[in-house]
1. For region 1-22, name all the residues that are without any contact (Cβ under 8 Å) to a residue 12 or more places away in the chain and surrounded by 10 or more Cβ atoms within 10 Å (Cβ to Cβ).
2. Could you list all residues from region 9-23 that are part of a helix (DSSP H, G or I) and either of a type in the set (A, V, I, L, M, F, W, C) or within 30 Å of Tyr76 (Cβ to Cβ) (or both)?
3. Are there any pairs, at least 6 apart or on different chains, whose C-beta atoms fall under 9 Å, with the first in region 75-99 and free of Cβ contacts under 8 Å to residues at least 24 places away in the same chain and the second hydroxyl-bearing (Ser, Thr, Tyr), and if so, which?
4. As an exercise: evaluate Trp45 against (1) at positive phi; (2) of a type outside the set (Val, Ile, Thr); (3) in contact (Cβ under 8 Å) with a residue 24 or more places away in the chain and give the number of the one condition it does not meet.
5. Identify the residue in region 30-79 that is of a type in the set (Phe, Trp, Tyr) and assigned to a helix (DSSP H, G or I) and, among all such residues, is surrounded by the most Cβ atoms within 10 Å (Cβ to Cβ).
6. What number of residues within region 27-42 satisfy the criterion of being over 21 Å from Gly79 (Cα atoms) and in contact (Cβ under 8 Å) with a residue 40 or more places away in the chain?
7. Do the conditions hold for Ser101, that is, is it part of a helix (DSSP H, G or I) and surrounded by 10 or more Cβ atoms within 10 Å (Cβ to Cβ)?
8. Tell me which residues, restricted to region 56-81, are at pLDDT 95 or above, touching a helix residue (DSSP H, G or I) at 6+ places or on another chain (Cβ under 9 Å), over 16 Å from Val10 (Cα atoms) and of a type outside the set (A, V, I, L, M).
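The values are calculated or read from the model by the stated rules, or taken from the named source; none is laboratory data. It should be emphasised that the depicted structure is a prediction, and the values quoted were computed from it without experimental measurement. Every residue, glycine as well, gets a Cβ built from its backbone with ideal geometry; the counts of neighbours run over all protein chains shown.
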Amino acid sequence: MVIPCIDRRVEDQPAVVTASTYGSILPAAWSFLLALRSRGLGSTWTTLHLVREQEAAELLGIPDTVTQVALFPVAYTIGDEFKPAVRPPVETVTFWDEWGSTRSEVPATEAAP
């Protein structure tokens, strides 16, 4: 089990501070997951343990000033036939210029890339 942590707390901080704080660790955590896969190991990004973050901190000796970000269980995978996940069409989850507006709704003269 790997628990990436940030050496500060973000409760009661403005959204920009919270987003910047998490944004500073997410690329490293994702790179860690990719590195595992390149070595025949696998994991998944979990956060459910954060419901009991304080208890996990006490068990592991993590100071109160540290924020746990996730928990990655690490193990060897069974097989190596990885494939892309089934995802909804990008048009259903991507908006153009404003929330809910799709690119197909933008007049052709404005739709240039």
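1. Gln13, Val17, Thr18, Ala19, Ser20
2. So in region 9-23, the residues part of a helix (DSSP H, G or I) come out as 15-23.
Correct list: Ala15, Val16, Val17, Ala19, Tyr22.
3. Glu91/Thr102; Glu91/Ser104; Thr92/Thr102; Thr94/Thr102; Phe95/Ser101; Phe95/Thr102; Trp96/Thr102; Trp96/Ser104
4. The single condition Trp45 does not satisfy is (1).
5. Taking region 30-79 as the starting set, the residues that turn out to be of a type in the set (Phe, Trp, Tyr) are 30, 32, 45, 72, 76.
Subsequent filtering for residues that are assigned to a helix (DSSP H, G or I) retains 30, 32.
Values: Trp30: 11, Phe32: 14.
Once the filter is applied, the top-ranked residue is Phe32.
6. The qualifying residues number 1.
7. On the way: part of a helix (DSSP H, G or I): no; surrounded by 10 or more Cβ atoms within 10 Å (Cβ to Cβ): yes.
Here the answer is no, as Ser101 does not meet what is asked.
8. Hit for region 56-81 is Phe72, nothing else.
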